[in-house]
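Visitor: Sharing a structure below in structure tokens format, with a few things to ask.
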Amino acid sequence: MGKTTAVATTRPQPPESAPRIPGAAARPPRRERRPLWLMLPAGSLLVLVILVPFMLALWMSFLELDQYTLRQWIQAPLVGLANYAEALNTSGLLHSIWASTAFSVLTTLIAAPLGILAALTVNGRFRGRGAVRSIYLVPYVLPSFVTGTLWRIVLQPAGAVNHLLGDLGLGGDKQWLIGGQSFWTLVGVDVWASWAFIYLMALSGLQTISRELYEAAALDGTGWWQRIRYVVLPQIKGPLSLGLLLATLHHFNNFTLPFVLFGMPAPDAVNLLPMNIYQTSFQSFRFGLGAAMSVVTLIIMTIPAVAYLRSSRLDASPQEVEA
Amino acid sequence: MNQRRVALTTVCAALLLAGGLTACSSSGADGGGKELHVLVGADPAHADAVRAWQAQIKKDFKAKTGADVVFDSYASAGEEQTKIQTSIVSGTGPDVYQLGTTFTPVAYATGGFRVLSDADWKRIGGRDKFLPATLGMSGPDAQHDIAVPFAARPYGMVYNTEMFKAAGIAQPPTTWDEFVADAIKLTKPSTGVYGTAVDYADPFSSWKYIWTFALQSGGRLITDDLKQAQLNSPQVNDAIGQYFALSTKHHAVDPAAAGWKSAQAAAAFANGKAAMLPMVAPTVIPTLDNSPVKGKYKFVSMPLVPFGATARPENGLAAGSIVSGDSLAIAKYSTHADLALDYIALVTSPDEQKAYYKGFGGLPPVTAAEDQLASTDPRIAGFVAAEKASLPTPFTGAWADVQLGLTNAITQTLPSLASGKYDSSAVSQLLAKANQTAQASLDRQKH
């Protein structure tokens, strides 16, 4: 019955159409009759925006494309896998992948509890809740460039942070923006800038938990932590998982923050992947090598990304998840 | 019916895409062929001056040629390079580019810029209207120039005349050993005053020190035939050692300087916390004139005799300042080359050059304007001397890798500087790696 209605509304049959086979009405619509053509505009744009540039990058990765060949780049000499060999051997790519992974995972791990706790503080009703919620969002709505500039000034040798530490007797001569320390500086600043995203996702999950669940838990005599562990976390798992995945990907791709904080060339500890590829491509003009580095990264990152998507079931349809 | 609908949708999508693409590509068109597009660096610190200067140029250019100038701007060196790269690939974009001098060799290597003929130079006003030294970064040789000097920013040294007098030092140093001796004498850590300020963590400054020290002692970053990288030479290794020794060995620099960019070094000098400030351009004048040291400072060329010597060795060069500043280059794809040449002629005319100096502090590379300014503003005499004695950096498309490699070696050594130690073997390793990259880059040269 449902099928008949669908066919009737989307595709009225002309009276002269072929006689229908009895019993066919009970079957789901055949694959070729789905209105797949509706995807054509979006599909074309996807091809244009994603597939074409990706194929170009793949092609570039086999070329000796640099400042000398850029103008006639179609005729740039093919060098086979030389760019890939260089990417893996001397470009510092593997170090950058490691630094980026460590940075993005650590930042997410630190930001997650902060975001969840912040969401819990504004979940209940109280006077001024709107104002507190707005204040929480300030670091998140600041553009990365502004965040980076702000912290670069604050973390100068004679900046506000060192002054504060000096006044507290904790030593005001720390160098935050050079050497190995720069890694922890970056983690700290990015946590400051990004915890509000986790907060938003957690809050959206918290708002969907019905009062009855809390009441039932209270009747069972649960404490605060048990309520978090057995009521809140399972209920917000969906939006929170999505938030954690998106946040980690965002940290992994963050170029602006380390670029503004440390400049280029950056200390080794924060020579993250986007920084390394940018420097290779746009400062050394090795576009072919930069493209090869990007392709290698894509391959390496696809493995954990797919594993994560499958384990968190973010790639499954609602029916599959329910099943 | 279905097929017809599919076909209709396909056509619509294609039209939409084509429309979008046309709209994108037409944004670079010049609307009637009488507009000259010029790409310049954004200068937020002088926003009003930029607006006034551009309005004046537009007016003067219109009066001279009947055509309009449209200024496009880039906010950073990175954006400038990206713009150049995309324009070169697509064959559309600005007609005239304002390029930094160290970037000119790379721009030349792309083959995307017009090589200036004798007739072109004549239309601009002649090659000899420029100070010879400022033409050092215009092209690989006089027959293959692509860039016309527009504003010079030579590097010199500024010192606090009052502190020098109080310490009984009559003259600014002319050798680096004198520089060290003076710096030690002027250092009083108890009052937070140090002999010199150094912007160790500034990627635009640090390599210039190494260039200066290495060339004066007879070393080179690249051999004169532009074929061999020399970043692992003893002179370059020593240069980095001497650079860091100002802090680690002589203690004449604030230990916090391991994290200083040029703004912090200038602030230290401006606040009377440093007696000398090397490697500065005339653009520092507004900062100093708005500070407690106003009227108590003087510019001179940097010392030109290397460490440990009283005279330069035979193959040592008088390297005090690189040829630095901005040049103008015309894109090869430009269909308005004559207008572009007229524009360059206009902005390098003595009157416009003086107006530009007043607004922005870049010294004129044009002899007539420079002489007039030097006679009216004694503060810049030291810079004029530095400009006239400036030496070009190697004119090779591989330069970016040389500069990056050198800067990277210093960047990675800053933590040991901060802790007061200097590990020469670690620096040697970094330089060896930088040299390898630079050599590979030189080996790829095709022009």
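Values in this text are rule-based calculations from the coordinates and carry no lab data. What you are looking at is a predicted structure, and each value in this text was computed from that prediction instead of being measured. Glycine also receives a Cβ, built like all others from the backbone with ideal geometry; neighbour counts cover every protein chain displayed.
Visitor: Take the Cβ-Cβ distance between B:ALA181 and B:SER424 as r, set R0 to 25 Å, and report the resulting FRET efficiency rounded to the nearest 0.05.
Guide: 0.60
Visitor: Neighbour counts of other C-beta atoms within 10 Å: give me B:LEU328, B:LEU430 arranged from fewest to most.
Guide: Numbers: B:LEU328 25, B:LEU430 21.
The order, fewest Cβ neighbours first, is B:LEU430, B:LEU328.
Visitor: Using the alpha-carbon atoms, what tilt in degrees (0 to 90, nearest 10) does helix B:350-360 show relative to the longest principal axis of chain B?
Guide: 70
Visitor: Percent of Cα-Cα pairs per 5 Å bin, from 0 to the last occupied bin, for region B:339-447, please list those.
Guide: Percent of pairs per bin, in order: 2, 10, 14, 11, 9, 10, 13, 13, 10, 6, 1, 0.
Visitor: Below 8 Å between Cα atoms, with a sequence gap of 6+, how large is the relative contact order for chain A in percent? Mind showing how you got there, number by number?
Guide: Numbers: 308 pairs, mean separation 84.5, N = 323.
This gives 26 percent for chain A.
Visitor: Please arrange B:THR413, B:THR92 by how many other C-beta atoms lie within 10 Å of their C-beta, fewest to most.
Guide: Numbers: B:THR413 25, B:THR92 18.
Ordered by Cβ neighbours within 10 Å, fewest first: B:THR92, B:THR413.
Visitor: Separate question: Kindly put B:ILE184, B:ILE344 in sequence by how many other C-beta atoms sit within 10 Å of each C-beta, fewest to most.
Guide: Values: B:ILE184 15, B:ILE344 24.
If I rank by nearby Cβ atoms, fewest first, I get B:ILE184, B:ILE344.
Visitor: In a GNM of chain B with a 10 Å cut-off on Cα contacts, which of B:PRO189, B:PRO94, B:PRO105 has the highest mean-square fluctuation?
Guide: Result: B:PRO189 has the largest fluctuation of those listed.
Visitor: On to the next question. With springs only between Cα atoms under 10 Å apart, run a GNM on chain A and tell me which of A:MET275, A:MET55, A:MET201 wobbles the most.
Guide: A:MET55
Visitor: Mind checking which of B:SER324, B:THR248, A:GLY115 is farthest towards the positive end of the protein assembly as shown's charge dipole, using Cβ charges of +1 (Lys, Arg) and -1 (Asp, Glu) about the Cα centre?
Guide: A:GLY115
Visitor: Using just the helices of chain B, give the 222 nm mean residue ellipticity in deg cm²/dmol: DSSP H runs with n ≥ 4 each add -39,500 (n - 2.57), and the total is spread over all residues, rounded to 500. Write down the numbers at each step before the final one.
Guide: Details: 17 runs with 209 residues, N = 447.
Taken over chain B, the calculation gives -14500 deg cm²/dmol.
Visitor: Once Rh for chain A is found with the Kirkwood sum over Cα pairs, what is the Stokes-Einstein diffusion coefficient at 10 °C and 1.306 mPa s, in µm²/s? Please report the intermediate quantities before stating the final value.
Guide: On the way: Rh = 24.3 Å.
Diffusion coefficient, whole number: 65 µm²/s.
Visitor: Kindly flag which residue pairs out of B:LYS129/B:LYS358; B:LYS388/B:LYS421; B:LYS249/B:LYS358; B:LYS185/B:LYS261; B:LYS83/B:LYS208 have an alpha-carbon separation exceeding 30 Å in this structure. Can you show the working numbers first?
Guide: On the way: B:LYS129/B:LYS358 20 Å; B:LYS388/B:LYS421 38 Å; B:LYS249/B:LYS358 41 Å; B:LYS185/B:LYS261 25 Å; B:LYS83/B:LYS208 26 Å.
Listed pairs above 30 Å: B:LYS388/B:LYS421; B:LYS249/B:LYS358.
Visitor: Determine, from the Cβ-Cβ distance of A:TRP37 and B:ALA77 and an R0 of 51 Å, the FRET efficiency 1/(1 + (r/R0)^6), rounded to the nearest 0.05. The partial results should precede the final answer.
Guide: On the way: r = 48 Å, r/R0 = 0.93.
Efficiency, rounded to the nearest 0.05: 0.60.
Visitor: For the protein assembly as shown, what is the percent of antiparallel DSSP beta bridges, rounded to the nearest 5? It would help to have the intermediate numbers written out before the result.
Guide: Numbers: 23 of 36 bridges.
In the protein assembly as shown, approximately 65 percent of DSSP beta bridges are antiparallel ones.
Visitor: While we're looking at this one, here's another question. Under 1.5 on a/c is rounded, so check that first for region B:268-390, then, if it is not, pick prolate when a/b is larger than b/c and oblate when it is not; a ≥ b ≥ c are the square roots of the alpha carbon gyration tensor eigenvalues. List each step's numbers first, then the result.
Guide: Working: a/c = 2.36, a/b = 1.47, b/c = 1.61.
The shape class here is oblate.
Visitor: Between the helical axis of B:337-347 and the dominant principal axis of chain B, each derived from Cα atoms, what acute angle in degrees is found, rounded to the nearest 10?
Guide: For helix B:337-347, the angle is close to 40 degrees.
Visitor: Could I ask something else about it? What do you get for the angle between helix B:2-26 and the principal long axis of chain B? Use alpha-carbon atoms, 0 to 90 degrees, nearest ten.
Guide: 50
Visitor: Let me ask you something else. What helices in chain A pass both tests, a Cα length along the helix axis of 20 Å or more and a mean Kyte hydropathy of 0.0 or higher, using whole DSSP H runs?
Guide: A:93-121, A:181-206, A:233-252, A:287-312
Visitor: Can you tell me the dipole magnitude for chain A around its Cα centre, using point charges on the Cβ only (Lys, Arg +1; Asp, Glu -1), in Debye to the nearest 20?
Guide: Working: 22 positive and 15 negative charges, 262 e Å.
So the magnitude is around 1260 debye.
Visitor: Under the rule of -39500 (n - 2.57) per DSSP H run of 4 or more residues, summed and divided by the residues of chain A, what mean residue ellipticity at 222 nm is obtained, to the nearest 500 deg cm²/dmol?
Guide: -19000 deg cm²/dmol
Visitor: Over region A:110-270, with a single point scatterer placed on each C-alpha, what log10 of the ratio I(q)/I(0) does the Debye formula yield at q = 0.10, 0.14, 0.15 1/Å?
Guide: -0.48, -0.82, -0.89
Visitor: A follow-up question, please. Would you mind classifying region B:265-333 by shape? Square roots of the alpha carbon gyration tensor eigenvalues, ordered a ≥ b ≥ c; an a/c under 1.5 is rounded, otherwise it is prolate if a/b is larger than b/c and oblate if not.
Guide: Working: a/c = 3.34, a/b = 1.09, b/c = 3.05.
Oblate is the answer for region B:265-333, as a/c is 1.5 or above yet b/c matches or exceeds a/b.
Visitor: Then there is this: Apply the Karplus curve 6.51 cos²θ - 1.76 cosθ + 1.60, θ = phi - 60°, to the phi angles in region B:401-413 and return the couplings in whole Hz, x for Gly and Pro.
Guide: For region B:401-413, the Karplus-derived couplings read 6, 5, 5, 4, x, 5, 5, 5, 4, 6, 4, 6, 8 Hz, x marking Gly and Pro.
Visitor: If you don't mind, another one. I need the calculated FRET efficiency for the pair A:GLU212 and B:ASN271, taking r as the beta carbon distance and R₀ as 41 Å, to the nearest 0.05.
Guide: On the way: r = 65 Å, r/R0 = 1.59.
Computed FRET efficiency for A:GLU212 and B:ASN271 comes out at 0.05.
Visitor: On alpha carbon coordinates alone, what is the Rg over Rh value for the protein assembly as shown, Rh being the Kirkwood radius?
Guide: So for the protein assembly as shown, dividing Rg by the Kirkwood Rh gives 1.04.
Visitor: Something else about it: Any idea how far apart B:SER291 and B:SER375 come out in nm if each label point goes 7 Å out from Cα toward Cβ?
Guide: For B:SER291 paired with B:SER375, the spin-label model returns 3.2 nm.
Visitor: Assuming a ≥ b ≥ c are the square roots of the Cα gyration tensor eigenvalues, decide whether chain B counts as rounded (a/c under 1.5), prolate (otherwise, with a/b larger than b/c) or oblate.
Guide: Values: a/c = 1.95, a/b = 1.57, b/c = 1.24.
Prolate.
Visitor: Let me ask something additional. Could you tell me the relative contact order of region A:110-270? Use alpha-carbon pairs under 8 Å, at least six residues apart, and round to a whole percent. Working shown, then result.
Guide: Values: 156 pairs, mean separation 56.1, N = 161.
It rounds to 35 percent for region A:110-270.
Visitor: Let me ask something additional. What distance in nm separates the two pseudo spin-label positions at B:ALA368 and A:TRP184, each 7 Å out from Cα along the beta-carbon direction?
Guide: 6.2
Visitor: Straight-line reach from B:LYS58: which aspartates and glutamates have a Cα under 16 Å away, not including same-chain ones fewer than 8 places off?
Guide: Reachable aspartates and glutamates: B:ASP30, B:GLU35, B:ASP48, B:ASP68, B:ASP72, B:ASP95, B:ASP342, B:ASP351, B:GLU352.
Visitor: Here is a further query. Using the basic label-point model (7 angstrom from Cα toward the beta carbon), what is the B:THR86 to A:ALA307 distance in nanometres?
Guide: Label at B:THR86, label at A:ALA307, 3.8 nm between them.
Visitor: Could you work out, for region A:164-226, what percent of all Cα-Cα pairs fall into each 5 Å distance bin, beginning at 0 Å and stopping at the bin that holds the largest distance?
Guide: 4, 13, 10, 13, 13, 9, 8, 10, 8, 9, 4
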